[in-house]
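Asker: The following block contains the structure, expressed as structure tokens.
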Amino acid sequence: MSRTAGTQVLREATSGFVPEVSVAATASSTAPGVDESPTRLAVRQLRLTGFRCYATLRLDTQPGCVVLSGANGAGKTNILEAVSLLAPGRGLRRAKLDEMARRNTGETAEQAVANGWAVAAQLDTATGPMAVGTGLEPTVSGNGLRRVVRIDGTPAPSQLALGQHIAAVWLTPQLDRIFAEGAGGRRRFLDRMVAGFDPEHAGRAAAYDNALRQRARLLGEGKNDNAWLGALEDTMARYGVALAVARREMVARLDQASRLGVGPFPRGALALIGVVETWLDTMAAVDAEEALRDALSVSRRQDAESGGAAIGPHRSDLLVTHLDRNRPAAECSTGEQKALLVALVLAHARLVSIARGAPPLLLLDEIAAHLDRRKLAALFEELLALGAQAWLTGTEAETFAPLMGRAQFFKVEEATLTPM
């Protein structure tokens with residue numbers, strides 16, 4: 001396929017065009033008793049073109065739980081990744097744009113990227129039906145890649161526009177040890193939850209990170225341009241404090257909700273630690289901005305030697321405590337950590353439902369791992385009670401037996417979906 005043809009595929013898919021696909025690449029199923037309320041956030045139709053292992057796929061779904069079962073490597077997680085790209089960010093794998101392009105037999109990586117890929121969906125939202133598309137296309141010069149977004153057929157200025165309409169939170173096996181690993185994963189997890197409440201949060205985070213990188217590059221190159229560095233530090237101060245404020249508010253809400261507990265899931269206590277967060281305990285946001293601006297200016301020499309910045313919300317951390325064990329989550333067993341993580345996601349979904357009128361899309365990859373039958377059954381009941389569209393994957397359909405008749409089931413085998 002030529003570069004022009006690849007771009008055309010992307011434009012058609014992200015403009016509401018429904019490609020002709022074979023019966024084997026199309027799947028639909030309706031679960032009895034599914035609430036058809038148009039006000040909840042739900043994917044009604046998902047279309048993939050040249051994405052991961054899928055040449056083409058059209059999947060028709062209903063509000064409520066969607067269960068994908070099949071062997072490892074069948075293509076289940078690829079579908080969840082596609083859904084995650086309907087929200088701002090790099091998706092649940094944090095993959096590079098070129099990594100998501102399908103590579104045909106005998107095709108080079110460059111050819112696969114030139115063909116592009118597309119993810120398009122018809123959704124129910126709180127404001128009515130919506131068509132959303134995103135995908136990869138080469139730049140006009142052909143020397144780079146860009147991700148484009150269309151909403152109801154109209155090009156969006158950036159992927160951040162998706163956050164105004166779609167909130168999504170996911171759990172993957174890689175997050176099962178999030179409490180015991182580096183702080184970066186916990187910050188990203190928290191920021192994803194903040195964005196569920198505040199669609200502008202992702203934009204502020206991107207602006208802060210961009211200024212942080214530019215400042216680090218200038219310092220690393222020995223370019224001590226006070227005016228340029230001062231402008232970047234001002235941007236970091238304004239957006240950095242805004243990030244800290246939003247995170248603090250989110251943690252306070254989650255802490256209150258998590259302390260109540262959900263069925264057999266453990267009660268949790270949350271705290272956000274960091275220098276900027278400590279300042280906000282005793283000073284107004286405008287004063288915290290000035291303090292951060294001054295601290296960044298003073299630390300230029302140190303930051304030039306170490307790289308990055310020694311102070312700022314990119315150093316903050318989320319601490320979670322298992323209240324029933326009176327123990328930090330990082331010291332709990334893998335099963336206890338997974339249960340705490342699920343409890344946080346459920347608490348967040350309830351809060352988002354109240355704030356935005358509908359719970360977020362929940363993408364739960366291999367969710368049964370480390371959960372006993374009692375907790376798994378309680379999770380299913382909570383998802384049904386929330387009315388969230390939850391996408392769940394597992395190797396065996398029997399794992400999700402309590403959802404039989406109350407959810408859609410699809411068998412995934414070699415990138416082919418079959419209703420069950």
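Asker: Please specify each residue of the range 147-187 satisfying the condition of being without any contact (Cβ under 8 Å) to a residue 60 or more places away in the chain and more than 17 Å from Ala120 (Cβ to Cβ).
Answerer: The answer is Pro157, Ser158, Gln164, Gln174, Glu181, Gly182, Gly184, Gly185.
Asker: Restricting attention to strands (runs of 3 or more DSSP E) lying wholly within the range 1-119, give those where 1 or more residues are at pLDDT 80 or above.
Answerer: Where strands (runs of 3 or more DSSP E) fall fully within the range 1-119 and carry at least 1 residues being at pLDDT 80 or above, they are 42-51, 54-60, 66-69.
Asker: Restricting attention to helices (runs of 4 or more DSSP H) lying wholly within the range 234-341, give those where 1 or more residues are over 30 Å from Leu376 (Cβ atoms) and among the small types (Gly, Ala, Ser).
Answerer: 285-298, 300-306
Asker: Which residue pairs have Cβ atoms under 9 Å apart, sit 6 or more places apart or on different chains, and have a first residue in the range 385-412 that is of a type in the set (Lys, Arg) and a second that is in a helix (DSSP H, G or I) and crowded, with 17+ Cβ neighbours inside 10 Å?
Answerer: Cβ pairs passing all conditions: Arg406/Phe380; Arg406/Leu384; Lys411/Ala397.
Asker: Out of the residues in the range 141-186 that are in a loop (DSSP other than H, G, I, E, B) and β-branched (Val, Ile, Thr), which is farthest from Ala358 (Cα to Cα)?
Answerer: By that ranking, first place goes to Ile178.
Asker: Return only the number of the condition from (1) in the same structural domain as Thr235 (by TED's automatic domain parsing); (2) surrounded by fewer than 19 Cβ atoms within 10 Å (Cβ to Cβ) that Ile311 does not satisfy.
Answerer: So the condition that Ile311 fails would be (2).
Asker: For the range 356-420, please list each of the strands (runs of 3 or more DSSP E) lying entirely inside it that holds at least 1 residues being more than 21 Å from the chain's Cα centre (by Cα) and not aromatic (Phe, Trp, Tyr).
Answerer: It comes to 408-413, 416-419.
Asker: Continuing with this model, one more query. Restricting the range 268-286 to residues that are over 24 Å from the mean Cα position of the chain (by Cα) and farther than 19 Å from His314 by Cβ, which is surrounded by the most Cβ atoms within 10 Å (Cβ to Cβ)?
Answerer: Restricting to residues being over 24 Å from the mean Cα position of the chain (by Cα) and farther than 19 Å from His314 by Cβ, the top hit is Met283.
Asker: Moving on. Check Gly116, Gly50, Gly91, Gly135 and return the single one that is surrounded by 15 or more Cβ atoms within 10 Å (Cβ to Cβ), within 18 Å of Thr416 (Cβ to Cβ) and in contact with a helix residue (DSSP H, G or I) (Cβ under 6 Å, 6 or more places away or on another chain).
Answerer: Result of the check over Gly116, Gly50, Gly91, Gly135: Gly50.
Condition check ((1) farther than 30 Å from Ala368 by Cα; (2) assigned by TED's automatic domain parsing to the domain that holds Phe51; (3) of a type in the set (Gly, Ala, Ser)) across all residues:
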{"residue": "Gly144", "(1), (2), (3)": "yes, yes, yes"}
{"residue": "Gln174", "(1), (2), (3)": "no, no, no"}
{"residue": "Arg177", "(1), (2), (3)": "no, no, no"}
{"residue": "Ala180", "(1), (2), (3)": "no, no, yes"}
{"residue": "Gly185", "(1), (2), (3)": "no, no, yes"}
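Asker: Conditions first: (1) at pLDDT 95 or above; (2) buried (at least 17 other Cβ atoms within 10 Å of the Cβ). Arg327 passes all but one, so which condition is the exception?
Answerer: With (1) at pLDDT 95 or above; (2) buried (at least 17 other Cβ atoms within 10 Å of the Cβ) applied to Arg327, the lone miss is (2).
Asker: Would you check if Leu219 is buried (at least 16 other Cβ atoms within 10 Å of the Cβ), touching a helix residue (DSSP H, G or I) at 6+ places or on another chain (Cβ under 9 Å) and closer than 29 Å to Val43 by Cα?
Answerer: In short, no.
The values are calculated or read from the model by the stated rules, or taken from the named source; none is laboratory data. All values derive from a computational prediction rather than experimental measurement. Note: ideal-geometry Cβ built from the backbone for every residue, glycine included; neighbour counts use all protein chains shown.
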